[in-house]
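Working notes, structure below.
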């Protein structure tokens with residue numbers, strides 16, 4: 001089993017500077033997908049600005065690490081694209097929240113379960129009984145979701161197994177079911193997701209299929225950012241339409 005997503009590392013000791021490798025190790029328990037190349041990418045995007053030694057090595061102050069954690073949380077928990085995160089950071093609101101202690105506050109457990117594009121080996125797999133116990137769903141709902149293609153189990157030795165993403169799909173649908181939304185209604189979400197995935201794949205297909213491992217890794221990170229931007233856009237369009245209904 002992987003380290004619990006709800007775990008938050010304490011902030012670094014005041015005044016201590018860290019190398020990029022040390023920063024990566026310091027935050028990897030909360031953000032298993034972090035990598036040195038991703039931190040460099042965020043620096044290239046002008047989101048973090050560690051100081052450089054005369055020899056060109058990056059040194060991260062405690063405030064730099066806090067800022068990095070904030071960026072990673074907004075990407076993972078809020079699906080915010082980097083452009084929006086940059087605006088939030090520029091406004092100073094996020095730094096104010098961090099200085100008031102919000103950075104070390106206990107995270108919302110539901111917010112810590114957001115899925116990521118990057119594929120990690122050794123991820124957790126769950127049996128049907130575990131899915132039902134963790135989400136409060138019933139077996140009939142899971143079967144309905146599978147029938148409509150919303151849920152996709154993996155078969156191993158004749159047994160159906162579900163990964164973290166499938167588990168969270170069941171959890172979300174269980175919440176929607178309280179309002180009378182069933183598997184049949186969810187086909188529109190599945191169709192929309194399939195179309196969006198096809199569009200993003202078309203945009204980044206050459207890089208994703210590159211023989212260069214570093215280029216493929218950068219493409220996955222770009223795909224993550226594109227997915228966040230698409231989700232944010234979809235959220236804005238939905239809110240705009242719902243405001244008309246609420247009038």
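Read the figures in this text as sums done on the coordinates, not as results from a lab. Predicted, not measured: the structure shown is a model, and the values here were computed from it. Virtual Cβ from ideal backbone geometry, glycine too; neighbours counted across all protein chains shown.
Here are the numbers for the structure shown:
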{"read-out": "At R0 = 35 Å, FRET efficiency that the Cβ-Cβ distance of residue 202 and residue 238 yields, to 0.05", "value": "0.90"}
{"read-out": "Size descriptor, Kirkwood hydrodynamic radius, that averages inverse alpha-carbon separations across segment 146-247, Å", "value": "16.3"}
{"read-out": "Order of 165, 17, 53, 70 under a 10 Å beta carbon neighbour criterion, fewest first", "value": "53, 165, 17, 70"}
{"read-out": "Calculated log₁₀ intensity ratio I(q)/I(0) where the Debye formula runs over C-alpha points of segment 125-177, q = 0.20, 0.30 Å⁻¹", "value": "-0.60, -1.39"}
{"read-out": "For segment 201-246: Kirkwood Rh in Å [reciprocal of mean 1/r, alpha carbons]", "value": "12.2"}
{"read-out": "Ranking of 214, 30 by count of other Cβ atoms within 10 Å, fewest first", "value": "214, 30"}
{"read-out": "Spatial separation of Cα centroids for segment 29-44 and segment 119-191, in angstrom", "value": "30"}
{"read-out": "Computed lengthening from residue 195 to residue 77, 0.36 nm per intervening residue step minus Cα-Cα distance", "value": "40.2 nm"}
{"read-out": "Where labels lie 7 Å past Cα in the beta-carbon direction, separation of residue 53 and residue 213 in nm", "value": "2.6"}
